[in-house]
Amino acid sequence: MNTEEELDIEIDPEVAHGVYSNFIVIANTISDFVIDFISIMPGIPKPKVQSRVVLTPDNAKRMLISLQENINNYEEENGEIILEKDNGSEIMISGGRA
């Protein structure tokens, strides 16, 4: 898609609100990447997947590149994001083959 083209995208209010996630599980097959966004909270014995996104491999790579560009822009404006170990607030990522 040409970067000068604008998409007319509609979003439902329920989706626009978003979901909170502090744990991510990423799995892949030969044809798909599956990203599960999970919320782990104290006192809740069994966390649930809040949202699942399934991507083709090429779109997963496009997402990776776009996310890296956005993180770079964020850090240019706000300073480096420091990943602290075991502080309870970082996004945890677990991955593997489905």
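Read-outs: derived from the displayed coordinates by stated rules, not from any lab. What you see is a predicted model; the values in this text were computed from it and never measured. All Cβ positions, glycine included, derive from the backbone under ideal geometry; neighbour counts span all protein chains shown.
Observations, loosely collected:
- Length gained when the stretch Asn72-Met41 is fully extended (0.36 nm per residue, less Cα-Cα span): 8.2 nm
- Annotation note: chymotrypsin sites (Phe, Trp or Tyr not before Pro) in segment 1-43 located in DSSP loop regions with a Cβ neighbour count of at most 13 within 10 Å are Tyr20.
- Applying the Karplus relation 6.51 cos²θ - 1.76 cosθ + 1.60 with θ = phi - 60° to segment 10-19 yields 3J(HN,Hα) values of 10, 10, 5, x, 5, 6, 4, 5, x, 10 Hz, where x marks Gly and Pro.
- Candidates per GluC sites (Glu not before Pro) in segment 1-44, loop by DSSP, up to 13 other Cβ within 10 Å: Glu4, Glu5, Glu6, Glu10
- Value of relative contact order over segment 18-83, rounded to a whole percent, pairs C-alpha under 8 Å and six or more apart: 24 percent
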